[in-house]
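Only the coordinates and a few stated rules stand behind these numbers; no lab work does. Owing to the predicted nature of the structure, the values given are computational and were not obtained by experimental measurement. Note that each Cβ is placed from the backbone with ideal geometry, even for glycine, and that neighbours are counted across all protein chains shown.
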Amino acid sequence: MKVSPFPAAAEHELANVQLRRNLRAATDTIQSKRARVVAELPDWEALRDAGSEIKADVLARLDELLVEFETAATAAGAHVHWARDGAEAGAIVARIAREHDVDEVVKVKSLTTDEIQLNDVLATAGVRAIETDFAELILQLDGDWSSHILVPAIHRNRTEIRDLFARTIAPGIVSDDPADLAEASRVYLRERFLRAKMGVSGANFGIAETGTVCVVESEGNGRMCTTLPPVLVSILGIEKLLPRFDDLEVFLQLLPRSSTGERMNPYTSLWTGVTSGDGPQELHIVLLDNGRTRVLRDEVGRQALHCIRCSACLNVCPVYTRTGGHAYGSVYPGPIGAILTPQLIGIENASSLPYASTLCGACYEVCPVKIDIPRVLLHLRAEAVRARGRSAERLTMRIVGWTFESARRFTLAQRVARTAQTPFARGGLVRRLPPPLSGWTRSRDLRAVAKTSFRSWWAGR
Amino acid sequence: MSDARTEVLARIAAIPREPAPEPSRDYRVSGERSADEVVELFCTRAADYRAEVVRVDAAAVATAIVRILAAHGAQRVGIGPGLRSEWRPAGCELVDESALDVAGLDRLDGAITGCTVAVAETGTIVLSGSPEEGRRALTLVPDLHVCVVMREQIVELLPEGIRLLGPLVRSEGRPLTLISGPSATSDIELDRVEGVHGPRRLAVVVAG
Ligand code: SF4
């Protein structure tokens, strides 16, 4: 897999006015909801510390915890499989479907299954995967793909959704009231839930101590997929483990508040093997590597594996909120995508992603597991430069570093820039810089260097 | 070629890693509110996420349920096989869920259950598949879920709740469902819509 370069994709997406408008409204709303429910907790920082330290412990003992998880889950009646990569995981799911003579599975939204393109793998094996999250259903019906971790169809408005439903699952629907649209999907999917022979899910957490799998969701489709079909397959990235059941007391506070800005999401399901007379009687868990051990090898970059996919870093990111998720050209968008994707698939295949950031640090501030995204970005930029061996870029970065190091040099540089930018600045923005800097402004408007710097304004006050 | 399990474990084992220090746990693990305040907080928070909340004396649970069912026009209602008799409402048809298949559950107007624990700070009820709660599908497929919460089941903080649930999972592997308000989506321009696939209405009867 190779992703299209961020600048080219971003230029295209920046032109999409609808996308930008929806995205801005959505990310602003979630951001302020998050801030409100986080402020309610007097011990938020202590929870973040605990979350980050528990995840560090998981990575330090990953091999041991995976075996512990496997033992506990097996003892509880689950079948545990291991997959080195996406193809292997896909083949396992397809084989289970074939063994049960299943040609249709219901599926809960999962970035992990998107990452391994499970739906395509299943389609090749003659199995149709029905996406059951409201937003995923929209994308599937439209042949589109996700632009946000949590609200994947954030770039579609109600009228567009109504028109899509009228063409596909609800001929004749005229209302674009969200309640009516939700009802249309309820009716369409209910029938499929009730007849499903096999469910497929990702997982938010796996508990090593007990072999428990945990899915956090809002709509109830997760509960449908993980309790109604007689056979359930859950794909668990190996980094999703938590050592002990009680660790949930940390993560079930961090995740909902960070992701949807709720004190708690409507539904959290936890199952431990098979329960007689309740839920699937055949349970499979696929432990997936697919590049995660590669990430683990990098001492600085491995903290990306702490990620609990809450999407808080997307909503605060000045780059993401303007370009949207498609510009990143990868399953994982936004700041986390910029550090995770290049590490998962190799920096040489996504070398522009670590540059899709202004290094403003807002992502680190909100990250519930304290991933130092700016630090990892800088580290990966150095890697990318090394991989390309392009000395001009390295030289530029070195000059930038040298300039920022000294206050005097920085002041001087500002003065030079103020003069040099004059031919390019319009209304306070620099839209196009001449080569060799044109690459920087192709999909960004650069704020012009102010006539008076903050420091000189402050000094002369 | 080695098998995937051996190879993944070997890949990890080959990576030098420092042991991590014991994680700090300086967050709150027990609440400071009085019992009355905890019940009050639970009711407010559950209502905040659009659950319908009523508070009654322990002796008046069945009557409260009758009123809720009537308000929703629910006639045929599923219950777990062990739902205590004093909670069983009069005047409607009660069906033991263990006798129903999924299609049968789909024809019910609602479900009545107890719960295992409730968390005030997040407005959450937790079900663990006891005979009083029935199997997971009972509170998922019908459109109305009426849940009875006894005041002594309410804890203030999530860690208090999780620590009560741990033993059920460790010793019996009980499946858990944490419910905070009715099913919802915010996928259409971030407008919250109640009731996508789970019950569209959640009524909580707080007893005692
Ligand atoms: S990096 Fe942090 S903030 Fe971003 S999605 Fe992951 S956990 Fe959330």
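Over all residues in A:48-59, what is the mean tally of Cβ atoms on other chains that come within 10 Å of each residue's Cβ?
Working: counts 1, 5, 5, 2, 2, 6, 5, 2, 5, 5, 2, 4.
Taking all residues of A:48-59 together, the mean is 4.
What are the residues whose amide H is under 5 Å from the amide H of B:Ala120, where those residues sit 5 or more places off or on another chain and H is modelled from the backbone?
Under 5 Å from the amide H of B:Ala120: B:Val155, B:Glu156, B:Leu157.
I need the shape label for segment A:41-290. Rule: rounded when a/c is under 1.5, else prolate if a/b > b/c, else oblate, with a, b, c from the alpha carbon gyration tensor. Can you show the working numbers first?
Working: a/c = 1.90, a/b = 1.29, b/c = 1.47.
Since a/c reaches 1.5 but b/c is at least a/b, the shape of segment A:41-290 is classed as oblate.
Can you put A:Arg257, B:Arg28, A:Arg128 in order of Cβ neighbours within 10 angstrom, beginning with the fewest?
Placing the least packed residue first, the sequence is A:Arg128, B:Arg28, A:Arg257.
What FRET efficiency would be calculated for the residue pair B:Ala70, A:Asp103, taking the C-beta separation as r and a Förster radius of 56 Å, to the nearest 0.05?
Details: r = 44 Å, r/R0 = 0.79.
Here the calculated transfer efficiency is 0.80.
Taking a 19 Å limit on the Cα-Cα distance, which of the listed pairs A:Lys109/A:Lys240; A:Lys55/A:Lys240; A:Lys55/A:Lys370; A:Lys107/A:Lys370 fall beyond it? Each step should come with its number before you reach the end.
On the way: A:Lys109/A:Lys240 16 Å; A:Lys55/A:Lys240 9 Å; A:Lys55/A:Lys370 10 Å; A:Lys107/A:Lys370 31 Å.
Too far apart for the 19 Å limit: A:Lys107/A:Lys370.
Rank the residues A:Ile238, A:Ile371 as a footprinting-exposure proxy: fewest other Cβ atoms within 10 Å of their Cβ go first.
Details: A:Ile238 27, A:Ile371 24.
Listing A:Ile238, A:Ile371 from fewest to most nearby Cβ atoms yields A:Ile371, A:Ile238.
For segment B:1-153, just say rounded, prolate or oblate: build the C-alpha gyration tensor, square-root its eigenvalues into a ≥ b ≥ c, call rounded for a/c under 1.5, and beyond that prolate if a/b exceeds b/c, oblate if not.
Details: a/c = 3.33, a/b = 1.57, b/c = 2.12.
It comes out oblate by the Cα gyration axes.
Could you work out how far apart the two model spin labels at B:Ile15 and A:Glu45 are, taking each label as a point 7 Å from the Cα in the direction of the beta carbon, and quote it in nm?
3.0
Using just the helices of chain B, give the 222 nm mean residue ellipticity in deg cm²/dmol: DSSP H runs with n ≥ 4 each add -39,500 (n - 2.57), and the total is spread over all residues, rounded to 500. Mind dumping the intermediate values first?
On the way: 5 runs with 55 residues, N = 208.
Counting only the DSSP helices, I get -8000 deg cm²/dmol.
If you count, for every residue in B:162-173, the Cβ atoms of partner chains within 10 Å of its Cβ, what is the mean? Please report the intermediate quantities before stating the final value.
Values: counts 8, 3, 0, 5, 8, 1, 2, 11, 8, 1, 2, 13.
That works out to 5 on average.
Rounded, prolate or oblate: pick one for segment A:22-174, where a ≥ b ≥ c are the square roots of the eigenvalues of its C-alpha gyration tensor, a/c under 1.5 means rounded, and failing that, prolate if a/b is larger than b/c, else oblate.
It comes out oblate by the Cα gyration axes.
Could you put B:Leu164, A:Leu340 in order, starting from the residue whose Cβ has the fewest other Cβ atoms within 10 Å? Provide the component values of the computation, followed by the final result.
Working: B:Leu164 16, A:Leu340 28.
Lowest count first: B:Leu164, A:Leu340.
What's the magnitude of the charge dipole for segment A:41-290 around its Cα centre, counting Lys and Arg as +1 and Asp and Glu as -1 at the beta-carbon? Answer in Debye, nearest 20. Don't skip to the answer; put the middle values down first.
Numbers: 23 positive and 41 negative charges, 133 e Å.
Charge dipole of segment A:41-290: 640 debye, to the nearest 20.
Note down the nm distance, to one decimal, between modelled labels 7 Å out along Cα→Cβ at A:Asn349 and at B:Ser24.
Placing both labels 7 Å along Cα→Cβ, they lie 3.9 nm apart.
Helix B:158-172: angle to the longest alpha-carbon principal axis of chain B, degrees 0 to 90, nearest 10?
With rounding to tens, the tilt is 80 degrees.
Inside 10 Å of the C-beta atoms of B:134-143, what's the mean count of C-beta atoms belonging to other chains?
4
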